[in-house]
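Chemist: Pasting a structure below so you can have a look.
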Amino acid sequence: MYQNNGVNTYLDNVVKTAGPAKLVELLYANAVERLTKSVKMIEEKNYPEANKQITRVEDIINELNISLNMEVGGTISENLRSLYNYMYRRLVDANIKKDTEILEEVKGLISDLLETWKEAMKNSVGTVKQLSNDVNRAKFDIET
């Protein structure tokens with residue numbers, strides 16, 4: 001998808017140095033980008049390229065799905081698993097039918113997940129900063 005070697009090197013470095021939270025964000029963003037491209041490819045009747053892009057989004061959804069920690073994530077993980085399974089089925093259907101409306105639907109769902117994820121990550125950073133700046137919080141005394 002990325003033609004420029006400089007861009008490839010940059011993206012390789014971003015992925016290799018990103019933590020798990022950032023990787024999820026990158027996967028969501030890449031899925032949205034690929035769905036946008038797949039819609040364009042279908043409109044241009046470039047079905048092999050559309051298939052390639054849709055299949056890659058299916059791979060991304062599968063990766064997100066298998067990375068869920070069902071034991072720790074509880075209801076959130078269960079709901080995400082259901083949503084990922086739904087999106088995967090819709091992507092398969094869209095690819096068979098070359099249906100851009102289905103692709104737009106899935107793109108909307110992933111875009112919502114991306115924005116929610118970004119907001120959650122901002123809030124978690126704020127919570128960590130707040131905890132570390134709390135002067136009333138009990139401190140560990142290394143002197144005793």
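Chemist: Contour minus end-to-end for LYS97 and LYS122, with contour as 0.36 nm per residue of separation and end-to-end as the Cα-Cα distance?
Modeler: 5.2 nm
Chemist: Provide the net charge surrounding ILE102, with neighbours chosen by a C-beta distance below 12 Å and charges set as Lys +1, Arg +1, Asp -1, Glu -1.
Modeler: Local net charge: 0.
Chemist: Here is a follow-up. If we sort 102-109, 45-52, 66-73, 32-39 on the protection proxy, mean other Cβ atoms within 10 Å, highest first, what's the order? Mind dumping the intermediate values first?
Modeler: On the way: 102-109: 18.5, 45-52: 14.0, 66-73: 10.2, 32-39: 20.8.
Result, highest mean first: 32-39, 102-109, 45-52, 66-73.
Chemist: Please get the size of the charge dipole for the range 17-118, origin at its Cα centre, with Cβ charges of +1 on Lys and Arg and -1 on Asp and Glu, quoted in debye to the nearest 20.
Modeler: Approximately 220 debye in magnitude.
Chemist: Now for a different question. Quick one: if the Förster radius is 22 Å, what FRET efficiency do SER77 and ASN46 give, using the C-beta to C-beta distance and rounding to 0.05?
Modeler: 0.05
Chemist: Report the extension gain between THR55 and GLU115 in nm, rounded to one decimal, defined as 0.36 nm multiplied by the number of residues separating them, less their alpha carbon distance. Walk me through the numbers before you get to the answer.
Modeler: Working: separation 60, 0.36 × 60 = 21.60 nm, distance 2.30 nm.
Between THR55 and GLU115, full extension yields 19.3 nm more.
Laboratory data are not the source of any read-out in this text; all were calculated from the coordinates shown. Note that the structure is a prediction, hence the values are computed from the model and not measured. Every residue, glycine among them, receives a Cβ derived from its backbone with ideal geometry; neighbour counts consider all protein chains shown.
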